[in-house]
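As structure tokens, the structure follows; a few thoughts come after it.
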Amino acid sequence: SSSSSSSSSSSTTVAVRRRTTIIDAGSGAGNLAIPLAACLLETMEDEIEILAIDTNEFALQRLSERAETMPIVGKNIRTLAADLADVNSILGHIPSENDVVVVSLHACGAASDYAMNLAHVRDAPFVVCPCCTAKSLTKREDSTRNDTTKNNNASFQRSGATSEITYPRSKWLNDVLNSNDADAEYAILAKVADVGLGPQTPSQQRGHQRRAKHIVELDRLAYSSSREYGYETGLVRVRRHDPTVYGKGEMLLGAKGGSVAAGGFCGLLFE
């Protein structure tokens, strides 16, 4: 009799973790990118890179000089001089197989909206802390990188909105405001969000400023939550933040509905 022994080859599937690119939109000289890299890269060096984006090449040079003093950090931070409105150009610098997360700290005016747009295009989660709301009211020419006469370092060019960004951002706030004059009413709201109303006591001014700022940021989040993008969103404030010193501590959280990141954000919102 012949005995046949069947050897079954078992294949072990190894889950390969995808590399993640964290975009710091409007990075400046790296006040967010560098400590974020130092915090994450200590245990996740091979899994994460940070792409710091700003129009100001001098600020990016300063970021690189600072990062080079920290070997692991310097090796995993890339800089890109670009206008945040150039979404397709920016995403062309990120491997298509990478996961993406967008963060932004005090990107003035419409720069925060462009940071969120970067996230929308890649279905990526975002954490954005906006400021200088009224600067978004300054309209600028649509971004064209071939226009060498344009000063991308100018404040209005960094923070103003091109024609593709309109305010209010959401149908919700458009419906709430006077439809015949929504632009003018939003402009008032944006200015109050920055400086409050006067003349008032300081506490009254901060109260009006904070309420207006909440409406402006909820408008941004409602735009992300629309059917077109399908994000789950939340509005929180920076912990241990003193509004008497600086009144702009709101953080906008967003992630594609049903994603792992959305579940994580929900945990933060209900802590």
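Here are the numbers:
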| read-out | value |
| --- | --- |
| Residue in segment 232-243 that is part of a helix (DSSP H, G or I) and open to solvent by less than 70 Å² (accessible area, probe 1.4 Å) present | no |
| Near pairs, Cβ below 6 angstrom, 6+ apart or cross-chain, from segment 117-131 (within 12 Å of residue 22 (Cβ to Cβ)) to any residue that is assigned to a strand (DSSP E or B) and aromatic (Phe, Trp, Tyr) | 119/126 |
| Residue list for segment 244-257, restricted to those being exposed (fewer than 15 other Cβ atoms within 10 Å of the Cβ) and modelled with pLDDT of 90 or more | 257 |
| Single condition residue 31 does not satisfy, out of (1) closer than 25 Å to residue 223 by Cα; (2) in contact (Cβ under 8 Å) with a residue 40 or more places away in the chain; (3) open to solvent by 40 Å² or more (accessible area, probe 1.4 Å) | (1) |
| Some residue of segment 84-105 being assigned to a loop (DSSP other than H, G, I, E, B), crowded, with 21+ Cβ neighbours inside 10 Å and among the hydrophobic types (A, V, I, L, M, F, W, C) | yes |
| Cross-chain or 6+ apart pairs with Cβ under 6 Å, segment 67-82 first and touching a residue at least 12 places away in the same chain (Cβ under 8 Å), then open to solvent by 70 Å² or more (accessible area, probe 1.4 Å) and assigned to a helix (DSSP H, G or I) | 81/57 |
| Check on residue 210, within 22 Å of residue 233 (Cα to Cα) and modelled with pLDDT under 90 | yes |
| Residues satisfying the stated conditions in segment 87-111, i.e. of a type in the set (A, V, I, L, M), touching a residue at least 60 places away in the same chain (Cβ under 8 Å) and either touching a helix residue (DSSP H, G or I) at 6+ places or on another chain (Cβ under 7 Å) or under 18 Å from residue 20 (Cβ atoms) (or both) | 90, 94, 100, 101, 102, 103, 107, 111 |
| Boolean, residue 37 is open to solvent by less than 10 Å² (accessible area, probe 1.4 Å), in contact with a strand residue (DSSP E or B) (Cβ under 9 Å, 6 or more places away or on another chain), in contact (Cβ under 8 Å) with a residue 60 or more places away in the chain and not charged (D, E, K, R) | no |
| Some residue of segment 196-204 being loosely packed, with under 14 Cβ neighbours inside 10 Å, of a type in the set (Gly, Ala, Ser), over 18 Å from residue 86 (Cβ atoms) and modelled with pLDDT under 90 | yes |
| Segment 24-68: number of residues that are charged (D, E, K, R) and over 20 Å from the mean Cα position of the chain (by Cα) | 8 |
| Filter result (assigned to a helix (DSSP H, G or I), open to solvent by 80 Å² or more (accessible area, probe 1.4 Å) and more than 17 Å from residue 220 (Cβ to Cβ)) within segment 155-189 | 156, 158, 188 |
| Hits in segment 64-79 - residues which are in contact with an Asp or Glu (Cβ under 8 Å, 6 or more places away or on another chain) and open to solvent by less than 40 Å² (accessible area, probe 1.4 Å) | 74, 76, 77 |
| Odd one out for residue 66 among (1) modelled with pLDDT of 90 or more; (2) not in a helix (DSSP H, G or I) | (2) |
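The values are calculated or read from the model by the stated rules, or taken from the named source; none is laboratory data. Here the structure is a predicted model, which means the values were calculated and not measured. Positions of Cβ are backbone-derived with ideal geometry, glycine not excepted, and every protein chain shown enters the neighbour counts. Side chains included, ligands, DNA and RNA excluded: accessible areas come from the protein's heavy atoms. Shrake-Rupley method; radii C 1.70, N 1.55, O 1.52, S 1.80 Å.
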